[in-house]
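Bear in mind that the values in this text are calculations on the coordinates, not laboratory data. What you see is a predicted model, and the numbers here were worked out from it, not measured in a lab. Note that we place each Cβ from the backbone using ideal geometry, even for glycine, and neighbour counts take in every protein chain shown.
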Amino acid sequence: MPLDLVHLVVGPLETNAYLLADRATGTAVVVDPGAEGERIAAAAQARGWTIRHVWLTHAHFDHIGGLAALADALPAWPLVAMHPDDLWLWRLEGGAPLFGFRLDPGPEPSVFLQHGQRLRVGDTEFEVRHAPGHTPGHVMFYAPTENLLLAGDVIFREGIGRTDLPQGDYETLLRSIRDQVLTLPDETRVLPGHGPATTVGHERRYNPFVADL
């Protein structure tokens with residue numbers, strides 16, 4: 001496999017942050033640096049990887065909270081990619097003030113993702129899948145050659161993302177799961193924003209929220 005992947009659980013909400021690196025060049029991407037940015041940077045440095053991009057599935061504080069520290073720990077700030085429909089949330093510190101604290105959201109996203117867009121980590125291509133419901137601009141990253149879906153907070157092992165936060169919508173989230181997750185092959189590995197990994201096939205059979213989709 002030309003892609004190396006490191007999984008880090010960060011912050012008080014135990015967010016899954018992922019480091020993806022091209023094995024040939026060591027060029028790396030961080031997905032959802034939710035906290036502990038220095039630790040994420042150190043994990044890449046220990047492996048000789050160079051972080052050049054950050055991909056955000058969405059802009060909740062527990063997925064962007066380590067971005068400022070990560071950027072400060074790197075020799076050059078990375079390019080930050082996010083769907084434009086979550087820019088309002090990023091500018092509201094990921095919703096942190098709603099929970100009684102403030103947050104430095106770090107470098108403002110400068111790459112705006114769209115559904116169907118193709119991103120690369122070396123030779124591995126990822127497809128951007130817009131999957132609103134948890135937030136309006138939530139996206140997932142799907143690498144068909146690796147049977148891999150970085151799902152953020154759309155779907156978890158036998159669960160789904162919450163929809164009771166500002167601009168969340170339950171029916172929209174279910175539609176996103178039906179159209180953007182359950183259309184993938186059963187063997188696709190799903191790496192969620194919280195909790196253990198799963199597969200599309202497991203969720204199709206055992207996730208009570210999606211049984212009737």
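Name, by its number, the condition in (1) surrounded by 24 or more Cβ atoms within 10 Å (Cβ to Cβ); (2) closer than 24 Å to Gly122 by Cα that does not hold for Gly48.
The single condition Gly48 does not satisfy is (1).
Please return the ranges of strands (runs of 3 or more DSSP E) entirely within the range 134-213 where 3 or more residues are without any contact (Cβ under 8 Å) to a residue 24 or more places away in the chain.
none
Tell me yes or no: at least one residue of the range 115-123 is buried (at least 16 other Cβ atoms within 10 Å of the Cβ), out of contact with any Gly (no Cβ under 9 Å at 6 or more places or on another chain), touching a residue at least 12 places away in the same chain (Cβ under 8 Å) and part of a strand (DSSP E or B).
Within the range 115-123 (the criterion being buried (at least 16 other Cβ atoms within 10 Å of the Cβ), out of contact with any Gly (no Cβ under 9 Å at 6 or more places or on another chain), touching a residue at least 12 places away in the same chain (Cβ under 8 Å) and part of a strand (DSSP E or B)), the answer is yes, since at least one residue qualifies.
Against the conditions (1) under 18 Å from Val31 (Cβ atoms); (2) exposed (fewer than 15 other Cβ atoms within 10 Å of the Cβ), where does Asp186 fall short? Just the number, please.
Looking at each condition in turn, Asp186 falls short on (1).
Tell me, which residue of the range 128-170 that is among the hydrophobic types (A, V, I, L, M, F, W, C) and over 21 Å from Leu19 (Cβ atoms) is surrounded by the fewest Cβ atoms within 10 Å (Cβ to Cβ)?
Leu165
Could we say that Ala28 is in contact with a Phe, Trp or Tyr (Cβ under 9 Å, 6 or more places away or on another chain), of a type in the set (Gly, Ala, Ser) and surrounded by 17 or more Cβ atoms within 10 Å (Cβ to Cβ) here?
Judged against the criteria, Ala28 is a match.
When the range 147-195 is examined, which residues are found to be under 23 Å from Val10 (Cβ atoms) and acidic (Asp, Glu)?
Correct list: Asp153, Glu158.
Name the one entry in Pro33, Pro75, Pro109 that is within 17 Å of Gly193 (Cβ to Cβ) and either in a loop (DSSP other than H, G, I, E, B) or acidic (Asp, Glu) (or both).
Exactly one residue qualifies, and that residue is Pro33.
Any residue at all in the range 51-68 that is out of contact with any Lys or Arg (no Cβ under 6 Å at 6 or more places or on another chain), closer than 26 Å to Ala131 by Cα, small (Gly, Ala, Ser) and assigned to a helix (DSSP H, G or I)?
Yes, the conditions are met somewhere in the range 51-68.
Within the range 1-30, can you find the residues that are more than 21 Å from His63 (Cα to Cα) and in a loop (DSSP other than H, G, I, E, B)?
Residues satisfying the conditions are Met1, Pro2, Arg23, Ala24, Thr25, Gly26.
May I ask you to verify whether Val80 is farther than 18 Å from Ala21 by Cα and in contact with a strand residue (DSSP E or B) (Cβ under 6 Å, 6 or more places away or on another chain)?
The answer is no for Val80.
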